[in-house]
Protein chains: 2
Amino acid sequence: MININLIDKIYKEDRRSIARAISIVESNNSLTSEYLKEIYKKVGNAYRIGITGPPGSGKSTITNQLTKYFRKQNKKVGIIAVDPTSPFTGGALLGDRVRMTDIGMDSGVFIRSMATRGSLGGLSKKAIDAADVLDAAGFDLIIFETVGVGQSELDIAQAADTTIVVLVPESGDSVQAMKAGLMEIADFFVLNKSDRPGSQQAYTALQTILMIKDHDEDSWLPNIIKGVASENKGIDEIADEIDRHKKFMKDKELFNSKRGKQAKIRIKEIVEHKLKDELWSETSENSLNLSLQKVILGNLSPYHIAEEIIEEFKNRI
Amino acid sequence: MININLIDKIYKEDRRSIARAISIVESNNSLTSEYLKEIYKKVGNAYRIGITGPPGSGKSTITNQLTKYFRKQNKKVGIIAVDPTSPFTGGALLGDRVRMTDIGMDSGVFIRSMATRGSLGGLSKKAIDAADVLDAAGFDLIIFETVGVGQSELDIAQAADTTIVVLVPESGDSVQAMKAGLMEIADFFVLNKSDRPGSQQAYTALQTILMIKDHDEDSWLPNIIKGVASENKGIDEIADEIDRHKKFMKDKELFNSKRGKQAKIRIKEIVEHKLKDELWSETSENSLNLSLQKVILGNLSPYHIAEEIIEEFKNRI
């Protein structure tokens, strides 16, 4: 059963209750959907920003600076940070440490780092579910910060109203970003560390790639903002560009259709998760275990066994 | 319908037919399972090796050197290389170029690089399906080379009979590898670039971590092999350790149970893929599209709509 008291406390912005609710929705059990259905009437007011890019491009720094900027406007900011490469690059670990001393003690900021190991997929589902909790708790802005490698990270970045791709002026970075699928999801770019040599060439290269894309006068054209986030340069411009994109989306009535597309992706993921849970009942697991010997001995292929299990499932439900 | 002529040509090791068959199984349509069921009787003889580790640890170099080693023994080698970080690190691109001049022209070697962008999951399924094609075509060894970030890359590395984790002597790399889940999947470690400063400390740190793990005299203890793959140092030792692990698995009758566990994971993935295809029929898509407006207006949560779609699906099948 869901705990109505907990939900009341979320609405009252009780930090401990928010953290607890996020843990519940992350655990992805039968309660997850009950809680998310209950709070949904309070969801939808937060503006969601995705910040993505390659490791080391300075996403955490930009997130931190933007958060401080929004805090000066008295807006409450929730941050959901996901970085599967962090064990090796050390990026998120360092970023988290800076973050905690910088903005972590501010009661108008809520930060959640998400573990990605062993999550067996469903990472974007969890991140978006957690955002709903923060949204219901009255946060004005929610920032998804994810590294731009891997499909689930791209999925999270795309679950935002405005998606920002952060690049650094390194040789060919813009071409690589295009290959990595970052060009299609960017509402605008931040060329960070633009005090480095080669910055102007990188800017021109990125501009060239953007011009190749089809567009007409009714469509949004992604801009490129130059910045040096570590020196707080370009942060005002980034905030302004977010506003300009938001206004464009509302004026052209694109805002709801974008949210509709996101809802569609999300619903599909929820359906698939729920069906998977029903599928792997004890019966299915047992019949699978019994068949394994035949597969190892080469008598039946995994595809044969899979078909048998599907038939069984269809008869069961 | 499947093309029996194509299958015959696979068995005759016709390279163009092998490449074509892999493309068919990668495309993941209704033919995929038909082909894989048909060739399964010839599958199971290849020994499968997983090579994984952080970006820049030298996985490609080790794969290339090992391949040359096996070729001297007249064994045929298939390589399936997967690296989602490659657009940024440049790793796989460079590795591929070296590889092509090094071993790419050898008719006893077949190399397949797998794109990971936009694959919408199912990457490990595709890699394992492709390995079945190479197995049926008579390759003696199949090497899965994947970067050790992200769940699907770990899944691929674990689909091998022997899994090798490559690390370099960098401060705290072994601790990070443990956090990343690489410790649990390693049958042994290669400490590559071990001519670098700090190599002995890294070796000791790794050894310490390995000793923490529970083990008894019947269980396999992962070794650490030092190497400098770029100078071909340690390659013989790696090949010997693969043999030693293989012999241990067979002697202790662990070989088939490991393959059984892998088959189980694989069958589950196939079942889930097939059900997903049936789920998103035109009917489901339409009813989903009709519901989106209610979600955007906040009248119904995505979880409500998901439950409706599941009910509909159950009634349909």
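Bear in mind these aren't lab numbers, they're just calculated from the coordinates by the rules spelled out. None of these values were measured; they are calculated from a predicted model. Cβ placement follows ideal geometry from the backbone for every residue including glycine, while neighbour counts extend to all protein chains displayed.
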If the label for A:Lys294 sits 7 angstrom from Cα along the Cα-to-Cβ line, what are its distances to the same label in every other copy, in nm to one decimal, shortest first?
4.2
If you take each beta carbon of peptide B:292-301 and count the beta carbons of other chains within 10 angstrom, what is the mean?
6
Of all DSSP beta bridges in chain A, what percent run antiparallel (nearest 5)?
5
Would you grab the residues whose amide H sits under 5 Å from the one on A:Gly234? Only those 5+ places off in sequence or on another chain, please, with H modelled 1.01 Å from N.
A:Val228
Hey, if you put +1 on the Cβ of every Lys and Arg and -1 on every Asp and Glu Cβ in chain A, which of A:Ile103, A:Ile235, A:Leu254 ends up farthest toward the positive end of that dipole?
A:Ile103
Loop-located GluC sites (Glu not before Pro) in segment B:221-303, at most 11 other Cβ atoms within 10 Å (DSSP)
B:Glu253
How far is A:Glu13 from the same spot in each other copy, in nm, shortest first, if each label point sits 7 Å from Cα toward Cβ?
7.1
Structure shown: which of A:Lys41/A:Lys72; B:Lys37/B:Lys125; A:Lys268/B:Lys276; B:Lys226/B:Lys261; A:Lys126/A:Lys252; A:Lys126/A:Lys274 lie over 21 Å apart, alpha-carbon to alpha-carbon?
A:Lys41/A:Lys72; B:Lys226/B:Lys261; A:Lys126/A:Lys252
Distant-in-sequence amide H partners of B:Asp161 (H built 1.01 Å from N, under 5 Å):
B:Arg48, B:Ile49, B:Gly50
Within a 10 angstrom radius of each residue's Cβ in B:257-263, how many Cβ atoms of other chains show up on average? Whole number is fine.
4
Could you check what % of the DSSP bridge pairs in the protein assembly as shown are antiparallel, to the nearest 5?
5
Long-range amide H contacts for A:Ala81: which residues qualify at under 5 Å (H placed 1.01 Å from N, peptide plane, sequence gap of 5 or more or a different chain)?
A:Arg112, A:Ser113, A:Met114, A:Glu145
Quick one: Cα centre-to-centre distance for segment B:19-43 and segment B:252-317, in angstrom?
23
Local electrostatic count, B:Lys76, Cβ distance below 15 Å [Lys/Arg +1, Asp/Glu -1]:
+4
The size of the Cβ-based charge dipole (Lys, Arg +1; Asp, Glu -1) of the protein assembly as shown about the Cα centre, to the nearest 20 debye, is 380
Run through the other copies and list how far each one's label point is from that of B:Pro197, in nm with one decimal, shortest first; the point sits 7 Å from Cα along Cα-Cβ.
2.5
How big is the equivalent ellipsoid of chain B along its three axes, where each semi-axis is √(5λ) from the Cα gyration tensor, reported in whole Å from largest to smallest?
37, 26, 19
GNM on chain B, Cα springs under 10 Å; top mean-square fluctuation among B:Ile235, B:Ile18, B:Ile267 goes to B:Ile267
With chain B treated as a Gaussian network of Cα nodes joined by springs under 10 Å, which of B:Ile111, B:Ile209, B:Ile79 yields the largest mean-square fluctuation?
B:Ile209
Mean other chain Cβ within 10 Å across A:131-139 is 0
Can you compute the helix-only [θ] at 222 nm over chain A? Use -39500 (n - 2.57) per DSSP H run of at least 4 residues, normalise by all residues, nearest 500 deg cm²/dmol.
-17500 deg cm²/dmol
Between B:Ser30 and A:Asn5, how high is the FRET efficiency from 1/(1 + (r/R0)^6) when r is the Cβ-Cβ distance and R₀ = 45 Å? Nearest 0.05.
0.30
Once you list every other residue whose beta carbon is under 10 Å from the beta carbon of B:Ala130, what net charge do they have if Lys and Arg are +1 and Asp and Glu are -1?
-1
What does the net charge come to around A:Lys233 if you take all other residues with beta carbon closer than 11 Å to its beta carbon, with K and R at +1 and D and E at -1?
-2
Would you mind calculating the gained length between B:Gln207 and B:Arg316 on full extension (0.36 nm times residue separation, minus the Cα-Cα distance), in nm to one decimal?
33.6 nm
If I build a Gaussian network model for chain B, linking alpha-carbon pairs within less than 10 angstrom, which residue out of B:Asp216, B:Asp161, B:Asp102 has the largest mean-square fluctuation?
B:Asp216
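Order the peptides B:34-45, A:301-312 from the highest to the lowest mean number of other Cβ atoms within 10 Å of their residues.
Highest-to-lowest ranking by the protection proxy: A:301-312, B:34-45.
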